[in-house]
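Asks: Dumping the structure here so I can ask a few things about it.
The values are calculated or read from the model by the stated rules, or taken from the named source; none is laboratory data. Quantities reported herein were computed from a predicted structural model and do not represent experimental measurements. For neighbour counting, all protein chains shown are included, and Cβ atoms are generated from backbone atoms with ideal geometry for every residue, glycine included.
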Amino acid sequence: MVTVTWSAVQQLKALIVEHPDDSVVRLTLRDVDETRLAFSITLENAARPDDEVQTIEGLTVAVEGKSAPRMDGIVLDYREPQGFKFLHPGQTEEFTLTLPNLN
C-alpha cells in the first residue's frame, strides 16, 4: 500500500476541485533505465480494472496494477515550494544529494 501524507491529500483534493470530472488519483511507476525510476500522478475519471484502489481521507487513490507491488511502502508527500515527492520506505525526510567536486 501507498501512504499519502495529510499535506499531499489536501493538495490532491484541491486539484480535484479544479478538475471535478477527474476525481481518481492514479499513481504509476516506470523504469527509465536500469538505475532510474519515474513516478507519475494523474487525475482520471475512474480507476482501471487492474488498479489497486485505496480510499484515504475521502480521496480515491488508484495504483496501477503492475506498479502496485513495487510501490508498496512508498510515501507520497507534498511540500511547498518543492511539490509532490515520493519517499522510499523508511525515508521520512527529504535527502540532499551531494555531488563530487568536479574542478
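Asks: Checking K85 against (1) outside any strand (DSSP E or B); (2) surrounded by fewer than 17 Cβ atoms within 10 Å (Cβ to Cβ), which test does it fail?
Replies: (1)
Asks: Scan segment 71-103 for residues that are under 18 Å from M1 (Cα atoms), among the β-branched types (V, I, T) and either modelled with pLDDT of 90 or more or over 16 Å from the mean Cα position of the chain (by Cα) (or both) and jot them down.
Replies: I74, V75
Asks: Give segment 1-34 a look and list any residue that's surrounded by fewer than 16 Cβ atoms within 10 Å (Cβ to Cβ), at pLDDT 95 or above and of a type in the set (K, R), or say none.
Replies: Of everything in segment 1-34, just one residue is surrounded by fewer than 16 Cβ atoms within 10 Å (Cβ to Cβ), at pLDDT 95 or above and of a type in the set (K, R), namely K13.
Asks: Could you list all residues from segment 38-47 that are over 18 Å from Q11 (Cα atoms) and either surrounded by 12 or more Cβ atoms within 10 Å (Cβ to Cβ) or aromatic (F, W, Y) (or both)?
Replies: Once the filter is applied, which keeps residues that are over 18 Å from Q11 (Cα atoms) and either surrounded by 12 or more Cβ atoms within 10 Å (Cβ to Cβ) or aromatic (F, W, Y) (or both), segment 38-47 yields A46, A47.
Asks: Does D50 satisfy the condition of being assigned to a loop (DSSP other than H, G, I, E, B), surrounded by 15 or more Cβ atoms within 10 Å (Cβ to Cβ) and either in contact (Cβ under 8 Å) with a residue 12 or more places away in the chain or in contact with a Leu (Cβ under 9 Å, 6 or more places away or on another chain) (or both)?
Replies: no
Asks: Taking the conditions exactly as written (touching a residue at least 60 places away in the same chain (Cβ under 8 Å) and either exposed (fewer than 13 other Cβ atoms within 10 Å of the Cβ) or part of a strand (DSSP E or B) (or both)), does D77 satisfy them or not?
Replies: Here the answer is yes, as D77 does meet what is asked.
Asks: Can you work out which of the residues in segment 53-74 that are part of a strand (DSSP E or B) and among the polar types (S, T, N, Q) is surrounded by the fewest Cβ atoms within 10 Å (Cβ to Cβ)?
Replies: T55
Asks: Just the residues that are in contact with a Ser or Thr (Cβ under 9 Å, 6 or more places away or on another chain), part of a strand (DSSP E or B) and among the aliphatic types (A, V, I, L, M), please, taken from segment 1-43.
Replies: Once the filter is applied, which keeps residues that are in contact with a Ser or Thr (Cβ under 9 Å, 6 or more places away or on another chain), part of a strand (DSSP E or B) and among the aliphatic types (A, V, I, L, M), segment 1-43 yields V24, V25, L27, L29, A38, I41, L43.
Asks: Quick check on my filter: what residues within segment 1-47 are free of Cβ contacts under 8 Å to residues at least 40 places away in the same chain and either small (G, A, S) or touching a helix residue (DSSP H, G or I) at 6+ places or on another chain (Cβ under 6 Å) (or both)?
Replies: A14, S23, V25, A38, S40, A46, A47
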